[in-house]
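The values are calculated or read from the model by the stated rules, or taken from the named source; none is laboratory data. These figures come from a predicted structure and were not determined experimentally. With ideal geometry, Cβ positions are generated from the backbone for all residues, glycine too; neighbour counts draw on all protein chains shown. Heads up: the accessible areas ignore ligands, DNA and RNA and are worked out on the full protein's heavy atoms, side chains in. Shrake-Rupley method; radii C 1.70, N 1.55, O 1.52, S 1.80 Å.
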Amino acid sequence: MKKLTPTFLLLLIIAIPSALNAQGFALGARAGTLGFGGEVALSLSDNLSVRGGLGSFFYEYEDELEGVDYTISPPSMTATVGIDVYPWGGSFRLIGGIMFRDGDFEAESGDLSQVGSIDIGDETFDDVDGRLFGTLTTNSTAPFVGMGFGNHTQGGFGFFIDFGVAFVGEPDVDLRAEGPVTSNQLFMSELAKEERAIQDDAGGYLKYWPILNLGVKIPFK
């Protein structure tokens with residue numbers, strides 16, 4: 001994904017209110033599965049708005065899997081551009097659009113020599129020296145649909161919530177090792193087996209990105 005694309009789209013949205021005879025304009029801040037960030041909304045009618053946002057993940061988190069500690073890094077940035085449809089003119093809305101993402105989920109293990117034994121594939125290995133790395137890759141551009149509550153451009157200061165899912169496609173799981181352990185052919189063979197097992201077992205649900213956003217909005221007339 002080109003990093004300028006989401007910014008360009010948001011600038012385009014901001015630049016077209018007069019051409020679209022927009023009825024309202026709003027700024028918002030949000031936090032959730034799309035990261036922490038802001039968004040802008042333009043009302044085209046009482047039942048239709050255009051909305052775009054940017055989000056970032058400012059953190060890494062630790063997890064343990066089969067006795068091994070991992071540092072997991074989420075994608076660096078997400079962006080969304082889409083429409084909000086208010087079928088009854090109230091706060092309930094249907095949402096749809098395109099999600100952009102810069103980066104993938106990546107994981108790095110701690111020093112394996114500090115672990116007594118490790119299960120990889122169908123084998124258990126003792127006294128392993130090295131580190132493990134993993135990457136989960138999906139499409140960086142994906143359509144999304146969902147629903148929400150809260151009319152960005154109507155009323156005053158308020159809260160909103162989004163529920164939805166982005167269809168990011170079939171995932172690609174990559175596991176690799178660094179250090180002296182790479183000379184162990186059995187270990188590397190079992191690592192490849194582990195990679196295939198993760199992709200087979202988790203591929204069915206990793207192709208969906210859940211969307212849950214909570215935010216506040218400030219409308220401007």
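For the reader, a short list of remarks on this structure follows.
- Backbone N within the stretch 33-65 under 14 Å of label point (7 Å from I218 Cα along the Cβ vector): 38-41
- Summed residue charge, Cβ within 13 Å of T33's Cβ, Lys/Arg positive, Asp/Glu negative: +1
- Remark: C-alpha extents of the chain on the principal axes read 67, 28, 27 Å, sorted largest to smallest.
- 222 nm mean residue ellipticity, helices alone, for the chain (DSSP H n ≥ 4; -39,500 (n - 2.57); rounded to 500): -5000 deg cm²/dmol
- Accessible area, probe 1.4 Å, largest first, for residues Y59, Y70: Y59, Y70
- Nitroxide proxy distance, nm - points 7 Å out along Cα→Cβ at F105 and D201: 1.4 nm
- Exposure check, 1.4 Å probe, all protein chains in place: D126 carries approximately 100 Å² of accessible surface.
- Which of V145, F187, F58, positive extreme of dipole for the chain (C-beta unit charges): V145
- Inter-site label distance for T71 and T141 at 7 Å from Cα along Cβ, in nm: 3.3 nm
- Using R0 = 22 Å, the C-beta based FRET efficiency linking W88 and F36 works out to 0.10.
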